[in-house]
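Below is one structure; the comments refer to it alone.
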Amino acid sequence: MNPSVDILIIDDNELQLNYMAELLQSHGYKTQTLQQGAQAIEVIGQIQPKLIILDIMMPGIDGFTILKQIRDEQNIKSIPVIIYTGKAYQVDKKKALALGANSFLAKPVKGAVIIEEVKKYL
């Protein structure tokens with residue numbers, strides 16, 4: 001049996017992905033990472049993470065589209081989603097929250113802030 005995944009991190013930027021995974025693992029969370037948005041819904045359905053950290057700007061399927069797909073899928077729609085993005089404009093924050101994001105963090109964010117945000121949901 002696979003150990004349950006606490007947090008799925010979806011970001012096309014490998015440096016950001018590794019930073020986030022290491023930060024969360026150092027606080028005791030089990031993480032899985034995904035660099036492609038295309039298979040996000042399938043992976044989320046398979047692993048059923050307790051929390052998703054999602055970037056907006058990705059090639060192919062962007063974070064807004066993935067977020068909408070998550071909220072449209074019955075078996076995964078209740079999973080909390082934290083948007084973690086370099087798109088720090090108010091219009092992007094409003095759109096993310098309207099689509100069902102639980103939180104919106106604009107990069108760069110201090111590790112302590114990320115951990116505090118994660119603790120709200122786990």
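All of the numbers you see were taken from the coordinates with simple rules; none came from a lab. Every value quoted in this text rests on a predicted model; they were computed, and no experiment measured them. Here Cβ is always computed from backbone atoms with ideal geometry, including for glycine, and neighbour counts include all displayed protein chains.
Quick notes
- Taking a ≥ b ≥ c as the square roots of the eigenvalues of the Cα gyration tensor, the chain is classed as rounded, since a/c falls below 1.5.
- Charge tally for Lys95 (other residues, Cβ to Cβ under 15 Å; Lys, Arg +1; Asp, Glu -1): +2.
- Take every Cα pair under 8 Å whose residues are at least 6 apart in sequence, average their separation, divide by the length of the chain, and the relative contact order is 23 percent.
- Of the chymotrypsin sites (Phe, Trp or Tyr not before Pro) in segment 25-122, those whose Cβ has at most 11 other Cβ within 10 Å and which sit in DSSP loop: Tyr89
- Rounded FRET efficiency, nearest 0.05, which uses the C-beta distance separating Glu22 from Val109 and R0 of 25 Å: 0.95
- Bridgeable lysines around Lys95 (alpha carbons under 28 Å apart, same-chain partners fewer than 8 residues away excluded): Lys50, Lys68, Lys77, Lys87, Lys107, Lys110, Lys119, Lys120.
- Eligible aspartates and glutamates near Lys93 by straight Cα distance, threshold 13 Å, same-chain separation 8 or greater: Asp55
- Three-way shape label, segment 1-61, alpha-carbon gyration tensor, a/c 1.5: oblate
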